[in-house]
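Structure record follows, encoded as structure tokens.
The values are calculated or read from the model by the stated rules, or taken from the named source; none is laboratory data. This structure is a prediction, so every number in the text was calculated from the model and none was measured. Quick reminder, even Gly has a Cβ in these numbers, built from the backbone with ideal geometry, and neighbours come from all protein chains shown. The accessibility values were calculated without ligands, DNA or RNA, using every heavy atom of the protein model including side chains. Shrake-Rupley method; radii C 1.70, N 1.55, O 1.52, S 1.80 Å.
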Amino acid sequence: MNYTLSVLESRGSFRGSGGDEMRGAVCYYIEKISNAGVKLTSETIKVWQEFLNVCIVNPEQFVGVQALSVEALRGFSWQYYTESNPEMWSHIVEHYISQLRHEFTATRVGSALALSVLPGCVLSQDTKSLLKLLTPCTKVQNKSETSLAECRVSAVKAITNVQLVCPCNSEMRAQIYRVLLECLEDYSTDSRGDIGSYVREAAMSCLMKCNKFTLSKGHPTNNLTPVNLTFTRDLKQQLVRGFLQQSVEKIDRTRQVHWKHFIIWSTVNLSWTVTTSSELLSLFYRLSRRR
């Protein structure tokens, strides 16, 4: 097991047309070994981490390999990165942050997705700075970045993961909510059409995760006790308005994502701001008139 990668590399298994398939298979192998909790040597952990880093940020490989490597990193990091061995992962966050503004879209996407699956012990070293660096990645900074919706979607997932796994204070949580609410206003377009819809859908999904975590007693995975974020009336209205706006979008997929989350959310939390069915119908009517 400790020599799996070295043997495959010596045989040239990662070269040629079948190289991507072999990389995907190795990522799957790493994921399952990690989930099983197999004890590994420190040298093996280092070698596997380097392999996953290459698979995640390499812009020249098949997209499916990146997805498999991100899932492998999720299980790998949660299993083998602990507070007792910071030397194993101290450089990981810096490595992925440095790739967030890379010239290749695939590298940006991979780096942000990696940050969206890392555990709290890795991300909580400097949470405030991490949020500061991730926030611009969720927005269109200039005209040349309009079509990079995939990068913004990945950044939205990463910034949500920060709230779910890191000990954030109320100010940080409020900042995350503001960022996600701003993403609901992403209507950027290119030759493919309304590509901003992918960002809005990701923002809706992530807002649901944040709501569930903020209003719960703790996180089921890491046992963090969430800070009591005060849902002001203004924040409540922005949440409801942002969600309901997506219910009247022209894209069927976007409306489907909205109703998938809104129906679940409304059974618990909509009573904050909407107390009667007539008030809800009035909201829908005003939104439909605006569209």
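For the stretch 90-202, what does the alpha-carbon gyration tensor say about shape, rounded, prolate or oblate, given a ≥ b ≥ c as the root eigenvalues, a/c under 1.5 as rounded, and a/b over b/c as prolate?
Numbers: a/c = 2.28, a/b = 1.43, b/c = 1.59.
Judged from the Cα gyration tensor, the stretch 90-202 comes out oblate (a/c at least 1.5, b/c at or above a/b).
So with the 1.4 Å probe, I'd like the accessible area per residue for the stretch 134-175, rounded to whole Å².
37
Using only protein heavy atoms and a 1.4 Å probe, report how much of Tyr80 is accessible, in Å² to the nearest 10.
20
What spacing in nm lies between the two simple spin-label points modelled at Ser98 and Lys212, each 7 Å away from Cα in the Cβ direction?
Placing both labels 7 Å along Cα→Cβ, they lie 3.6 nm apart.
Which FRET efficiency value, to the nearest 0.05, is calculated for Lys128 and Thr232 with the Förster distance at 25 angstrom and r the Cβ-Cβ distance? The partial results should precede the final answer.
Values: r = 22 Å, r/R0 = 0.87.
For Lys128 and Thr232, the calculated efficiency is 0.70.
Within the stretch 157-199, what whole-number % of the accessible surface is contributed by carbon and sulfur, with the 1.4 Å probe and all protein chains included in the calculation?
52
Within the stretch 70-141, list the GluC sites (Glu not before Pro) lying in a DSSP loop whose Cβ has at most 12 other Cβ atoms in a 10 Å radius. Each step should come with its number before you reach the end.
Numbers: sites: Glu71, Glu83, Glu87, Glu94, Glu103; in loops: Glu83, Glu103.
Here the GluC sites (Glu not before Pro) that fit, given the DSSP loop and packing criteria, are Glu83, Glu103.
How much of the accessible area of the stretch 1-108, in percent, comes from carbon and sulfur atoms when a 1.4 Å probe is used? Write down the numbers at each step before the final one.
Details: 3240 of 5990 Å².
Using a 1.4 Å probe with all protein chains present, the stretch 1-108 comes out at 54 percent carbon and sulfur.
Kindly write out, for the stretch 249-254 in residue order, the coupling ³J(HN,Hα) from the Karplus curve 6.51 cos²θ - 1.76 cosθ + 1.60 (θ = phi - 60°), rounded to whole Hz, with x marking Gly and Pro.
Result, ordered by residue: 6, 6, 7, 4, 4, 5 Hz.
Subtracting the Cα-Cα distance from 0.36 nm times the residue separation, let me have the gained length for Thr4 to Lys39 in nm, one decimal.
Numbers: separation 35, 0.36 × 35 = 12.60 nm, distance 1.49 nm.
Stretched fully, the Thr4-Lys39 segment lengthens by 11.1 nm.
Where the centre of each part is set by its Cα atoms, how far does the stretch 1-36 sit from the stretch 132-173, in angstrom?
Cα centroid of the stretch 1-36 versus Cα centroid of the stretch 132-173: 31 Å apart.
Rolling a 1.4 Å sphere over the protein heavy atoms, what is the accessible area per residue of the stretch 1-102, to the nearest Å²? Each step should come with its number before you reach the end.
Values: 5620 Å² over 102 residues.
On a per-residue basis, the stretch 1-102 sits at 55 Å².
Once you sort the root eigenvalues of the Cα gyration tensor of the stretch 1-134 as a ≥ b ≥ c, which label holds: rounded (a/c under 1.5), prolate (a/b larger than b/c) or oblate (the other case)?
Numbers: a/c = 2.13, a/b = 1.21, b/c = 1.75.
Oblate, because a/c is 1.5 or more while a/b does not exceed b/c.
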